[in-house]
Structures are given as C-alpha cells and as structure tokens.
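Since the structure comes first, as structure tokens, the remarks are kept for the end.
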Amino acid sequence: MPRGFSSDERDRVRQKIIDVGLELFGKFGIRKTNIEDITKHCGIAKGTFYLFFPSKEQLFLHIFTAVSAEMHQSLFKTLLASRVPPKEKLKTFLRAQYQAIGKNPIFNIVFNKEEMEYLLRKNPEALSLLSAQLDEQQYIPFIEQMKQVGILKDIDNLLAIGELKLVFLLFSHRADYSAKVYDLIFERLLDLVTYDIAREA
C-alpha cells in the first residue's frame, strides 16, 4: 500500500491518475503526455505517481487493457441479444468492434506507428507482455464464451484469436487505400474469417 494513504485514499488517487491518464492520452497520445501533466491535473506530487505506476507507459497499458475489456463486454451483450445465424452474428460483432476501435482515441494510439515505436523504445517487452496478458485474461475467455453460445466452431483458441486479430491489424493500414477499396478488403476479410471459425447455424 502506498505510504501515507488510507485504503480509500489510495483507491481514489489511483483512479484519479487513471482517469486523467485516459483523458490526456486520448488528447495528446503517449509521446506528448508527460508525467508532470498527469500529476498537475491530479493535484499530486510526481513522486506520488510512482507509488502507483512505474512509468507513464505502464499507466497507458493498464488503461488500454481496461478499455479493451469494457468494450468486449459491452459488445458481447449486444451480440447475444441478436437473433441471426452464427456467421452473421460474428460479422456484426466484428463490424461493431471495428467501429468502436476507430472512434476510441486509446485504440488509435495502438494503431499509430510512431506511438508504438516510442512505446517499444521505452519498454521493449511491453507489447509482447500485453499481448500475452490480453490473450489469457480477455481473448481466450471470450473465445470460450463464443463457443459455448454456439457462435464459433470447436477450434483451437489461439488459432481463433490469431484470425480475429488479423481483422484488426488491417486498421493500421487504412491510410494505404481509398475508402472504397479499404471497405471491400475489410468485408472480404470478414467473409474469410467467419467462414473459417464460425458455425453454420
């Protein structure tokens, strides 16, 4: 427990750091957001920040993980409520997730080449650790849920995760194509992925 804080105070300060980090990272990205900016908005000393997070990069990774989990849970509830065949359910889910990612500045950072190069320089192991953590804590449970409700075939979890990730890697190449061609590629990729991993009915 951070020195000098009660349990309630610790929770409030930590959440304040997260909330401010979410706001500033969303506006300015990782590179242009300094710890001093965060602590100033929080009204805390710089040393206090380090009692909760070892770096701004680790704060960002924590925020990204939380935002990702919240998005998955929200969209999955919508997915379960729809009454269409499994393949169309999966397509609808992936389209909705894709749109949500495009509108969320935290996700845009992850698909920004300069931001990711900066993050890798500062913390070379960060992305591989984050990927492994997301697979274990979010993606594998999500895949299992999709199997249980009859949307996905009984296939290897990591194979399913890999194919779903392919869809979202396309996001980082959206500037390489015209909007029309990009949309055609996206829909074609959806067809291929859903054909391979979704149940027929």
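Some points to look at:
- Considering residues of the stretch 1-45 that are polar (S, T, N, Q) and part of a loop (DSSP other than H, G, I, E, B) only, the residue nearest to I109 (Cα to Cα): T33
- Where T39 falls short, out of the listed (1) under 25 Å from Q137 (Cα atoms); (2) not assigned by TED's automatic domain parsing to the domain that holds Q97: (1)
- Within the stretch 147-159, residues that are free of Cβ contacts under 8 Å to residues at least 40 places away in the same chain reach partners that are assigned to a helix (DSSP H, G or I) with beta carbons closer than 6 Å, at six or more positions or on different chains, in the pairs N157/I140; N157/I143.
- Annotation: A198 fulfils all but one of (1) surrounded by 12 or more Cβ atoms within 10 Å (Cβ to Cβ); (2) without any contact (Cβ under 8 Å) to a residue 40 or more places away in the chain; (3) of a type in the set (G, A, S); the unmet one is (2).
- Contacts under 8 angstrom Cβ, first residue in the stretch 1-29 being at pLDDT 85 or above and of a type in the set (D, E), partner in a helix (DSSP H, G or I) and loosely packed, with under 14 Cβ neighbours inside 10 Å, 6 or more apart: none
- Taking the stretch 121-140 as the range and being aliphatic (A, V, I, L, M) and modelled with pLDDT of 85 or more as the test, only I140 passes.
- Residues being in a helix (DSSP H, G or I) and either hydrophobic (A, V, I, L, M, F, W, C) or under 12 Å from the mean Cα position of the chain (by Cα) (or both) - total across the stretch 46-69: 12
- Subset of the stretch 129-178 (residues that are assigned to a loop (DSSP other than H, G, I, E, B) and on the phi < 0 side of the Ramachandran plot): V149, I151, K153, D154, I155, D156, Y177, S178
- Residue-level analysis places I143 among those that are closer than 23 Å to Y195 by Cβ and at pLDDT 90 or above.
- Cβ-Cβ under 6 Å pairs, at least 6 apart or on other chains, the stretch 114-132 side surrounded by 11 or more Cβ atoms within 10 Å (Cβ to Cβ), far side among the basic types (K, R): Y118/R31
- Options I63, I17, I101; residue that is closer than 30 Å to Y195 by Cα, surrounded by 17 or more Cβ atoms within 10 Å (Cβ to Cβ) and of a type in the set (V, I, T): I101
- Complete set of residues in the stretch 20-58 that are buried (at least 16 other Cβ atoms within 10 Å of the Cβ) and among the small types (G, A, S): G21, G26, G29
- Close Cβ contacts (under 9 Å, 6 or more residues apart or on different chains) running from residues in the stretch 70-84 that are assigned by TED's automatic domain parsing to the domain that holds F142 and part of a loop (DSSP other than H, G, I, E, B) to residues that are among the hydroxyl-bearing types (S, T, Y) and modelled with pLDDT of 80 or more comprise S82/T92; V84/T92.
The values are calculated or read from the model by the stated rules, or taken from the named source; none is laboratory data. The model shown is predicted, which means the values in this text are computed figures rather than measured ones. Heads up, the Cβs are rebuilt from the backbone with ideal geometry, glycines too, and the neighbour counts pull from every protein chain shown.
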